[in-house]
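Okay, so here's the structure we're looking at.
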Amino acid sequence: MEKLQNFVNGEYCTPSTGEYIDNFEPATGKVYSLIPNSGEADVQNAVDAAEKAFPIWSEMSSVERSKILIKLSKGIEDRMDEFVQAESRDNGKPLSLAAHVDIPRAVSNFHFFATAIVHYASESHQMEGLGVNYTLRKPIGIVGCISPWNLPLYLFSWKIAPALAAGNCVIAKPSEVTPYTAYLLGKVAQEAGMPPGVLNILHGEGGAVGDAIVKHAKIKAISFTGGTNTGKYIAQTAAPMFKKLSLELGGKNPNIIFADCDFDEMLSTTLRSSFANQGQICLCGSRIFVERPIYERFKEAFVSRVSTTVVAPPNDPKAKLGAVVSKPHMEKVLSYVELAKEEGGTVLTGGERVQMDAPYNEGYYLRPTVIEGLAYDCRTNQEEIFGPVVTITPFDTEEEVLMMANSTQYGLSATLWTSNLKRAHNMANELHAGIVWVNSWLVRDLRTPFGGVKASGVGREGGWEALRFFTEAKNVFIKY
Ligand code: NAD
């Protein structure tokens, strides 16, 4: 059985613990590789390597750092097929999704920040007759980047790329549920000429190696994407150590559909925004609110399209949905379908596991699920399910739908479908969300701020926001 390795000081190495954990293939439900179960000693080794590398990397010109990061981006692109196959196998997502979204976006993330850093300027403020302030933006030092399983390499690179571009050394930990593409990244970093110790990748459990990263005194900033409860725990640990923190957490996003929308475009996009990546994208719209005059028309058309959506093994070109990421996650999603029924909901389609033929008969396949008849404030409509399950609810007025949309503890993203421009502006302004899409979904411009409000997180990623997070500002005043 293949054993993955950590990547420390520019070399692949075994974990100090000598222990490994199982890596399951969601498509088959079988263990297909072993992941290092790293511990505190591995974090210490990575910190030692990063400390040595920091003067070299941070004092290198931004143009030189940029060249290495562009090579890294190109290195992933050159191995596109290997990365696509690995991401799909590790996560259960259709090959087509990994090929069109995950891996190309990881390539873009490295390329974007490699080029952004050479255009990054700091401010100066003149005080007439008195003097001038200029602001230096210096790398923080050693930073920790911890990412989840849903978009493994894509979200990993979204943190690592700006951290490295800004001149920091990185200790990164991918999710133990989907470690494979992060494992492959070490080789690409070597080939790109990244100096040893600049990028260190440690594998293992959140409560062990993840916790050791958060607690290490020499790791000065933590950029975390994952669940809200994990984020809360990390904040409790890191805040008293005065670490910089960026937290991208859970969501329960509304998808609000007005009767005056372009129905066909809305319908096909709503299929994607509900079930892309088996509903396991933090930006999926899991609460669909439909204006009453088109509620029945929407329900009929949507349920008909959802019930014929193909769920198949990830390597089947026909697959629109593959397998969900793990057995415990599948069980969690199914438990929410049961909860919805207890809360008075009606399952219009889906709600069950899909049984595939061998060798996929133990894979974690779920039928995409649509539920109606639930109160906006019941648990099913308030808690993050993070699977292929959506609820549909009619509404009559803007005020009513805003109240329902804003009623959860979360505030990550929202989608609006309307041809009324004034309403779109008003609603976008009032929604509790860090990101609002009007007549679209998942369109990303890498320059824009990305993140949520309320329990969906603290801070923003993307563009200059990310480069600001990964630098410390120092103001210098000089008297005339
Ligand atoms: P998770 O919180 O269980 O794990 C995320 C990462 O944190 C993993 O690498 C894990 O090993 C690590 N971790 C767990 N406990 C830790 C600890 N005590 N200390 C340090 N690290 C620890 O989340 P998940 O199940 O992997 O991902 C799903 C969640 O991520 C969902 O809630 C989803 O909404 C959220 N998410 C948010 C965004 C966003 O941009 N806001 C994007 C993707 C996913």
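The values are calculated or read from the model by the stated rules, or taken from the named source; none is laboratory data. What you see is a predicted model, and the numbers here were worked out from it, not measured in a lab. Ideal geometry is used to build each Cβ from the backbone, glycine not excepted, and the neighbour counts take in all protein chains shown. All accessible areas refer to the heavy atoms of the entire protein, side chains included, with ligands and DNA or RNA removed. Shrake-Rupley method; radii C 1.70, N 1.55, O 1.52, S 1.80 Å.
Structure notes:
- Figure legend. Inter-residue proximity from region 194-223: first residues closer than 23 Å to Trp57 by Cβ and of a type in the set (Asp, Glu), second residues within 11 Å of the ligand (Cβ to nearest atom) and open to solvent by less than 10 Å² (accessible area, probe 1.4 Å), beta-carbon distance below 9 Å, spacing 6+ or different chains. No pairs are indicated.
- Region 173-192, subset of a type in the set (Gly, Ala, Ser) and within 14 Å of the ligand (Cβ to nearest atom), residue farthest from Phe224 (Cα to Cα): Ala182
- Given (1) more than 16 Å from the ligand (Cβ to nearest atom); (2) open to solvent by 20 Å² or more (accessible area, probe 1.4 Å), number of the condition Pro328 does not satisfy: (1)
- If you go through region 240-264 and keep only what is free of Cβ contacts under 8 Å to residues at least 24 places away in the same chain and either within 18 Å of Arg460 (Cβ to Cβ) or more than 16 Å from the ligand (Cβ to nearest atom) (or both), you end up with Phe242, Asp264.
- Residue in region 429-447 that is basic (Lys, Arg), open to solvent by 10 Å² or more (accessible area, probe 1.4 Å), assigned to a helix (DSSP H, G or I) and touching a Phe, Trp or Tyr at 6+ places or on another chain (Cβ under 8 Å) present: no
- Unmet requirement for Ile171, which otherwise passes all of (1) open to solvent by 10 Å² or more (accessible area, probe 1.4 Å); (2) modelled with pLDDT of 95 or more; (3) under 23 Å from Met60 (Cβ atoms): (1)
- Selection status of Ser407, in contact with a Phe, Trp or Tyr (Cβ under 7 Å, 6 or more places away or on another chain), among the polar types (S, T, N, Q) and part of a loop (DSSP other than H, G, I, E, B): yes
- Cβ-Cβ distances below 8 Å connect the following pairs, each with a first residue in region 37-64 that is over 22 Å from Tyr183 (Cβ atoms), a second residue that is part of a helix (DSSP H, G or I) and open to solvent by 20 Å² or more (accessible area, probe 1.4 Å), and a separation of six or more residues or different chains: Ser62/Val118; Val63/Val118.
- Screening Leu267 against (1) within 16 Å of the ligand (Cβ to nearest atom); (2) outside the structural domain of Trp149 (by TED's automatic domain parsing) leaves a single unmet condition, (1).
- Verdict on Lys30 being basic (Lys, Arg), open to solvent by 20 Å² or more (accessible area, probe 1.4 Å), at pLDDT 95 or above and in contact with a Leu (Cβ under 6 Å, 6 or more places away or on another chain): no
- Tally of residues being within 12 Å of the ligand (Cβ to nearest atom), touching a Gly at 6+ places or on another chain (Cβ under 8 Å) and open to solvent by 10 Å² or more (accessible area, probe 1.4 Å) across region 207-223: 3
- Against the test of being modelled with pLDDT of 95 or more, among the small types (Gly, Ala, Ser), within 15 Å of the chain's Cα centre (by Cα) and closer than 30 Å to Glu291 by Cβ, the options Gly250, Gly231, Gly227 yield a single qualifying residue, Gly250.
- Boolean, Pro152 is out of contact with any Gly (no Cβ under 7 Å at 6 or more places or on another chain), closer than 30 Å to Ala276 by Cα, away from the ligand (no atom under 16 Å from the Cβ) and not hydrophobic (A, V, I, L, M, F, W, C): no
- Screening Asn23, Asn37 for residues that are farther than 20 Å from Ile171 by Cα, buried (at least 16 other Cβ atoms within 10 Å of the Cβ) and either among the small types (Gly, Ala, Ser) or touching a helix residue (DSSP H, G or I) at 6+ places or on another chain (Cβ under 8 Å) (or both) leaves exactly one candidate, Asn23.
- Matching residues in region 171-196 - criterion: being of a type outside the set (Lys, Arg) and in a helix (DSSP H, G or I): Tyr180, Thr181, Ala182, Tyr183, Leu184, Leu185, Gly186, Val188, Ala189, Gln190, Glu191, Ala192
- Selection from region 375-407 of residues that are open to solvent by less than 30 Å² (accessible area, probe 1.4 Å) and more than 23 Å from Met427 (Cα to Cα): Cys378, Thr380, Ile385, Gly387, Pro388, Val389
- Those strands (runs of 3 or more DSSP E) of region 120-170 in which 1 or more residues are closer than 22 Å to Gly250 by Cβ occupy 142-146.
- Candidates Ala358, Ala340 - the one that is open to solvent by 50 Å² or more (accessible area, probe 1.4 Å) and free of Cβ contacts under 8 Å to residues at least 60 places away in the same chain: Ala358
- A search for C-beta distances below 7 Å between a residue of region 452-480 that is of a type outside the set (Phe, Trp, Tyr) and any residue that is open to solvent by 60 Å² or more (accessible area, probe 1.4 Å) and within 16 Å of the ligand (Cβ to nearest atom), counting only pairs 6+ apart in sequence or on different chains, returns Val453/His432; Lys454/Gln409; Lys454/His432; Ala455/Gln409; Arg460/Pro449; Gly462/Pro449; Gly463/Pro449; Glu465/Pro449.
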